[in-house]
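Contents: one structure, followed by commentary.
Every read-out reported here was derived from the displayed coordinates using simple, explicitly stated rules and does not represent laboratory data. Predicted, not measured: the structure shown is a model, and the values here were computed from it. Positions of Cβ are generated from backbone atoms using ideal geometry, with glycine treated the same way; all protein chains shown enter the neighbour counts.
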Amino acid sequence: MKALYTKFISFFNLLQSKIAFYPALFSTVGFGFALFMLYLEEIGISAFVIKQVPQLVINNADTAKTLLSFLTGGIISIMVFSFSMVMVLLNQASSNFSPRVLPGLISNRNHQYVLGLYLATILYNTFTLVGINPQESDKYQLPGFSVLIGIVLTVVCLGAFLYFIHSISQSIQVNNILDSIYQKAKMRLEFLLEKETEQIPDFPKTKNWKTIYSSQTGYFQNIAVPNLVDICKDADIKLKILPIQGLFVLKGVPILQVNESISTELSNKILSNFSFAKGEFVEDNYALAFKQITEIGIKAMSPGINDPGTAISTIDYLTELFALRLRKNDKTIITSDNEALIFVSTTNFKELLYQVMAAYRTYCKQDLSCIQKLFIMFKYLLLQEAHLPDYHHALRAEAKLLYDDAMETITNKTDLRRIEALFQGLPD
């Protein structure tokens, strides 16, 4: 049951990232609400409202049909325009920043809520329109209250459209995109830091352990940790998960090791707790945030864009994320009752820093403003407390590589003296 529940949660999270999820959900609610209002009309809700507030209820069938038709057509127009703006947003984000930021923009729930409200109102007005009988002479049989609700929903849609215009114009701004990625990664890192213990027990050597191979292909997104812990305790086994979270895993490659031989049934049970996806999400893998922010910075330094200011902004956000990463251990070992049960392979700090700096050294080594900002980042990080001394060693090594590349690329003597001073000013 736990495995099924975990899979359901993982599947639901994947659905939420789809742009059509909330619009489809709102559409269902709008259809159901229209049927509910038709039922209320049958029991005389309009007659009651007319007696209480007759000024608010339309009692002419032709007027009601014309009004609802006009409102529905108007909502369809602004909905088409809104969808067009979403496509323009995605196209610009892909061209100017990085295609990797698209999943985060698509999964923007506020935009989905607005589009869903449009669809729900269209369905509501349509089915209310169907319930109007133009041959009916008795004004109390006209669904006047339902028409009033349709007018109110249309006014709400107009307000939502104004909000949508404002939100979509804000979403395309690079600072907001960077801040969104940063906030997601920060939450993920803080969550992992809270779960870490001060004392990490030793994990046995896995050289002669049995290997289990992947039965699926996709990005290794997550694992159901409580389920795997229960399996390890019940079967008295230990596991080592081989791929790093976010890595693309092919079917048939080694995915985990077990300290003893297990049955095929148990192996399949263990594999059922691995979650794969066709995309990557910062909410599940903080290392993806470093990759996305780096790609935005490098794209900004391309000759076609040539925007050092954006590259400098990305370095600021990376500085904050690296400062958080300094506090995290490279090893992730899951324990139960002080016993190490599962070893989870993770991206170590040295490799993460190298991959980021390799890109910046390649594309920014000729730009003095970016080089200065990178040395300021190194100085700040070297002053922060690190979980392991090796982290500071890695920072100094990368600073030396940046210094060497900059000294070979830049020819201006004044600039070279400034770079020399920045490098020599790094803390020991």
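A few comments on the model shown:
- Between Phe83 and Leu388, the FRET efficiency estimated from the beta carbon spacing at R0 = 41 angstrom works out to 0.25.
- Total formal charge among the other residues, if their Cβ is under 12 angstrom from that of Lys210, Lys/Arg +1 and Asp/Glu -1: +2
- Here is the list for region 165-244: GluC sites (Glu not before Pro) lying in DSSP coil, each with at most 10 other C-beta atoms within 10 angstrom of its C-beta, are Glu198.
- For Val249, distant residues with modelled amide H under 5 Å away: Gly218, Tyr219, Phe220
- Taking θ as phi - 60° and the Karplus parameters 6.51, -1.76 and 1.60, the scalar couplings of region 363-380 work out to 9, 10, 5, 8, 9, 5, 4, 5, 5, 4, 5, 5, 5, 4, 4, 4, 4, 5 Hz in sequence order, x denoting glycine and proline.
- Mean separation of Cα pairs under 8 Å and 6 or more residues apart, divided by the residue count, gives region 301-350 a relative contact order of 24 percent.
- Protection-proxy order for peptides 234-243, 302-311, each taking the mean of Cβ atoms within 10 Å per residue, highest first: 234-243, 302-311
- Dipole check for the chain: with +1 at the C-beta of Lys and Arg, -1 at the C-beta of Asp and Glu, and the Cα centre as origin, the magnitude is about 540 Debye.
- Distance between the modelled labels on Arg417 and Thr211, one decimal in nanometres: 5.8 nm (7 Å Cα→Cβ projection).
- GNM top mover of Ala185, Ala160, Ala93 - the chain, alpha-carbon springs below 10 Å: Ala160
- When each of the peptides 248-256, 326-334 is scored by how many other beta carbons lie within 10 Å of its residues on average, the order from highest to lowest is 326-334, 248-256.
- Cys with no candidate disulfide partner in the chain (beta-carbon separation under 4.7 Å rule): Cys157, Cys232
- Largest mean-square fluctuation among Asn222, Asn259, Asn412, in a Gaussian network model of the chain whose springs join Cα atoms under 10 Å apart, belongs to Asn412.
- Set against the labelled values (1) 27.3; (2) 28.5; (3) 21.0, mean projected area of the Cα convex hull in nm² computed from this structure falls on (2).
- Hits among lysines - C-alpha to C-alpha of Lys291 under 20 Å, sequence gap 8 or more where chains match: Lys184, Lys186, Lys278, Lys299, Lys328, Lys350, Lys365, Lys373
- Using the rule -39500 (n - 2.57) for each DSSP H run of four or more residues, divided by the residues of the chain, the 222 nm mean residue ellipticity is -21500 deg cm²/dmol.
- Contact order normalised by residue count of the chain, Cα under 8 Å, 6+ apart, percent: 15
- Using the average count of surrounding beta-carbon atoms within 10 Å as a protection proxy, the listed peptides 338-350, 356-368, 162-174 rank, highest first, as 356-368, 338-350, 162-174.
- Modelled FRET efficiency - R0 30 Å, Glu42 with Lys65, Cβ distances, 0.05 increments: 0.95
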